Amino acid sequence: MLVEAMCRNIKQNILNSNILFFVNEPFKEIPLGFESVDKIYSYDKKKKHKGITGYIKFLKAINEKNIDYAIITHPHERSILLAKIIGAKKIISLPIKRSFFNVFVNQKRKYYEEESETIYRADYNNKYLNGICEYKNIPICYKRLDINEKEILDKFKLYNPYIVLSPTSKDLIKDWDYDNIKNFILKSERDVVLVGTNKAKEIAEQLKAESIKFIDLSLRTTITELAAVIKNAQYCVSVDTGTFHLSYAQNVNTIGLFFSKEKLKKWSPSNLKNITILLGERCGDKRNFVSKKDIKAEEVLQKIKI
């Protein structure tokens, strides 16, 4: 999601440019919402392109010529090798520690830890364009014109006004606690649609055991479906995870729940037009932490203006 602005900057500043987007299979639906992307190649490392033979099969499917730049925003030896094999004239990447493949990188992106941790990630990614073209720090944007949103809403029986709630992430320290999730759902004047993956599903089962009414879409949507559900919500309440950016990128009223000032610098947009940030405070690691300041359900509900 956070390279969309960089892609749009390229289109706006380099006339007649073509953008090829290489992405891992689970996320191939994301660049479908980038109006600046011309062609998508998805790499299925677990199935179709597994192992060396699968990688060779993937390479054979790429039929591109005259590639001027390969911008690698997630440095990996496989990505650098791919850029070299397909003939990119200039490969731009952060160097990989103690890797031979760095010899192929002919424009090394300098890494400054302070910059990496204090600039919103989309703005940070724009800096890969230094020496290529001018750019502006513009809001990320996600639009899907190729889908029928009504069919998706009908599929999940979303007929009444609703609020999307995304309370979990990969890191436990970022997640909203169960009592506040429960209180938020109980006190909300609108239907609450719970989204997320495995941890959200566990919470959903716990809520159902307490006979709490909500709409459970945890582990039930594709990225395309999730985007459509969020786009048609009155609000999206999300912790620091991909759902937060997907909501912001579609100009939905978004309430972000963050538990670290430091994380806020890196993962919260500089343009807060449709975003309200609520900040708690926790210290510890991903699994064990102390909550110094909670974000109460009542605080979130006060920010929702319907």
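Annotations for the structure displayed:
- Check on Pro95, closer than 30 Å to Gly280 by Cα and part of a loop (DSSP other than H, G, I, E, B): no
- Residue satisfying all of: in the stretch 261-306; β-branched (Val, Ile, Thr) and in a loop (DSSP other than H, G, I, E, B); farthest from Tyr120 (Cα to Cα) among these: Ile306
- Scan of the stretch 1-57 for residues that are within 22 Å of Ile85 (Cβ to Cβ) and among the acidic types (Asp, Glu), ordered by number: Glu25, Asp38, Asp44
- Residue count for the stretch 261-302 under the criterion of being in contact (Cβ under 8 Å) with a residue 60 or more places away in the chain and on the phi < 0 side of the Ramachandran plot: the result is 23.
- Residues of the stretch 159-175 that are of a type in the set (Ser, Thr, Tyr) and either assigned to a loop (DSSP other than H, G, I, E, B) or without any contact (Cβ under 8 Å) to a residue 60 or more places away in the chain (or both): Tyr159, Thr168, Ser169.
Yes/no matrix, rows are residues, columns are (1) within 24 Å of Asn106 (Cα to Cα); (2) modelled with pLDDT of 95 or more; (3) part of a loop (DSSP other than H, G, I, E, B); (4) outside the structural domain of Ser268 (by TED's automatic domain parsing):
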{"site": "His49", "(1), (2), (3), (4)": "no, no, yes, yes"}
{"site": "Arg78", "(1), (2), (3), (4)": "yes, no, no, yes"}
{"site": "Leu81", "(1), (2), (3), (4)": "yes, no, no, yes"}
{"site": "Gly87", "(1), (2), (3), (4)": "yes, no, yes, yes"}
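- For the stretch 120-131, the condition holds for no residue, the condition being that it is surrounded by 14 or more Cβ atoms within 10 Å (Cβ to Cβ), aliphatic (A, V, I, L, M) and in a loop (DSSP other than H, G, I, E, B).
- Of all residues making up the stretch 125-135, the number that are under 20 Å from the mean Cα position of the chain (by Cα) and either without any contact (Cβ under 8 Å) to a residue 60 or more places away in the chain or farther than 15 Å from Thr73 by Cα (or both): 1
The values are calculated or read from the model by the stated rules, or taken from the named source; none is laboratory data. None of the values given here were measured: they were computed from a predicted structure. Virtual Cβ from ideal backbone geometry, glycine too; neighbours counted across all protein chains shown.
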